[in-house]
1. If you find the alpha carbon centre of segment 341-363 and of segment 414-475, how far apart are they in angstrom?
2. Per DSSP H run of n ≥ 4, the term is -39500 (n - 2.57); total these for the chain, divide by its residue number, and report the mean residue ellipticity at 222 nm rounded to 500 deg cm²/dmol.
3. Rounded to the nearest Å, what's the spacing between the alpha carbon centres of segment 25-39 and segment 499-545? Just the number, please.
4. Based on the Cβ-Cβ distance of L252 and A26, what FRET efficiency does E = 1/(1 + (r/R0)^6) give at R0 = 30 Å, to the nearest 0.05?
5. Using only the Cα atoms, what convex hull volume per residue in Å³ does segment 34-293 have?
6. Hey, can you grab everything whose amide H is under 5 Å from the amide H of S277? Only 5+ residues off in sequence or another chain; H modelled, so Pro and N-termini drop out.
7. Excluding residues on the same chain fewer than 8 positions from K161, give the lysines whose Cα lies under 18 Å from its Cα.
8. What does the C-alpha gyration tensor say about the overall shape of segment 413-553? Classify as rounded when a/c is under 1.5, otherwise prolate if a/b is larger than b/c, or oblate.
Amino acid sequence: MVSTPAPARQPLHATHEVTNQPPLLAPYDASEDTALLEGLRREGAGWAEEGIRRLGLRAGSAEAQEWAEQANVHEPVLRTHDRYGNRIDEVDFHPSWHHLMRASVAEGLAGAPWADARPGAHVARSAGGLVWGHTDAGHGCPTSMTYAAVPALRAQPDLAKVYEPLLTGREYEPELRVPTQKSGLLAGMGMTEKQGGSDVRTNTTAATPTAEPGVYTLRGHKWFTSAPMCDVFLVLAQAPEGLSCFLVPRILPDGSRNTFRIQRLKDKLGNRSNASSEPEFDGTVAWLVGPEGRGVKTIIEMVNCTRLDCVMMSATLMRKTLVEAGHHARHRSAFGARLVDQPLMRNVLADLALESEAATTLTLRLAGAADRAVPGDAGEAAFRRIATAVGKYWVTKRGPAFTAEALECLGGNGYVEESGMPRHYREAPLLSIWEGSGNVNALDVLRALRREPGSAQAFFDELALAQGADARLDAAVTRLEGLLVNGSETGARRLVEQMALTLQASLLVRHAPPAVADAFCATRLAGDWGHAFGTLPDIADLGAILDRALPAD
């Protein structure tokens, strides 16, 4: 019997060969941002450029990007008691969180500028945040509050003398110990309560004086206190003379634990790497900061600083997601051409680039105002007062729409957690809520316009620096003056939006290339624009805008 040979086996074909997918972005240089570097020099911090460039390389490194990913995957865990039943109220973090915090504090992104006499120190810090923020947004919360606590604490010189050198240090020591026995401290704040939110005058936490002058005990419950692992907190509570500001340490001078019961950690939409909590005070020892009954006035300096950081962090998210979208578009092809060469995708990316540059430029201008206001420039202080609230309202409002559009540039890839874009998208709405929602900031601007005429004058003085340079800008200033005449609470958002767009246009007309300034004025001021990103008019020089905005491949 003759056997029939078996048919030859066909060679196996590879079914998982990866083509037409972009390479990993990291490592990259997060400081490769022309608008950022130009603003750094223009606002008086050119001396910091070498450090910013070094930090940009570190932020874009594979290691730092992995820290950011791991800090968000492994969220903080609350431990209310130790194994023996003792109340400890501590929060455990993944090592990646500590790596991020250690780097941030060492780079001066917490309180360091207050101890730096060089002009531009606050600008350098904001530029550092714009770069280091390419890692993780969550750990920017405790560094921001630490930065902001210093000017508020100065309302009580005896406390500032003790704590300011530690808040402005560059050592990160996460262990809870007696504050004065540490090389560096972190500060948080406890303002809002469940019955009032931003309406802090409805707070019910009570402050009772003790026999020791300036020392009180607190009893009450805070609704949203981020970074409960900090060493000290600025807290609002009702004293006999009204709402007052207090310093609350986690560990008392004798080494015992102050009563700071963390009821739970908030389950938030984003900002997952950072712990936000509800602490309860019950006989909690606190030191008065500033006069009794002047708590809002005392802590408002802290709010001004953290609002600046909201603008900065939103601008950072815009830049980070633009870089991600541009990288994808350069390496992904569709319908026979790279995405970045497709006309409509170029329009989207260029439109995003305009928004990003406007946000970055405004951030650094606000930081420059803060830098010059601190030593006593009255004009810059007046401008800072109103322009920071204007920027906080508008830039943080643009963040969610911007990150959504940047995510869409990656298509389905952007909707997958591994891309990192969903994390940025979830982060964006926080910044329009933190330190006052849109309504709170819009009404704050209206209040400043009515009660502080010097701030309105400073704002229009800034706009006047670009007078005559662009007819569309001049027309926008005239329209804005008309809106101010009949300013009402109902129209506050419209007014503040126009203030923000006019201010951004003024800065770009003065400092950006003609292609950028012209496209911004044509769309944001003259209305030659649709309701979505990617609707720039055909006359826009998309190539010039993109060449300026996207890092070299």
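Coordinate-derived values only; no laboratory data. Remember, it's a predicted structure, so these values are computed and weren't measured experimentally. FYI the Cβ positions are ideal-geometry reconstructions off the backbone, even for glycines, and counts take in every protein chain you see.
1. With segment 341-363 and segment 414-475 each reduced to a Cα centre, they are spaced 18 Å.
2. -16000 deg cm²/dmol
3. Using only Cα atoms to place each centre, the spacing works out to 21 Å.
4. Rounded to the nearest 0.05, the efficiency is 0.10.
5. 137 Å³
6. Placed amide hydrogens put T225, S226, A227, K266 under 5 Å from S277.
7. Of all the lysines, those that pass the test against K161 - Cα under 18 Å, at least 8 places apart if same chain - are K182.
8. Judged from the Cα gyration tensor, segment 413-553 comes out oblate (a/c at least 1.5, b/c at or above a/b).
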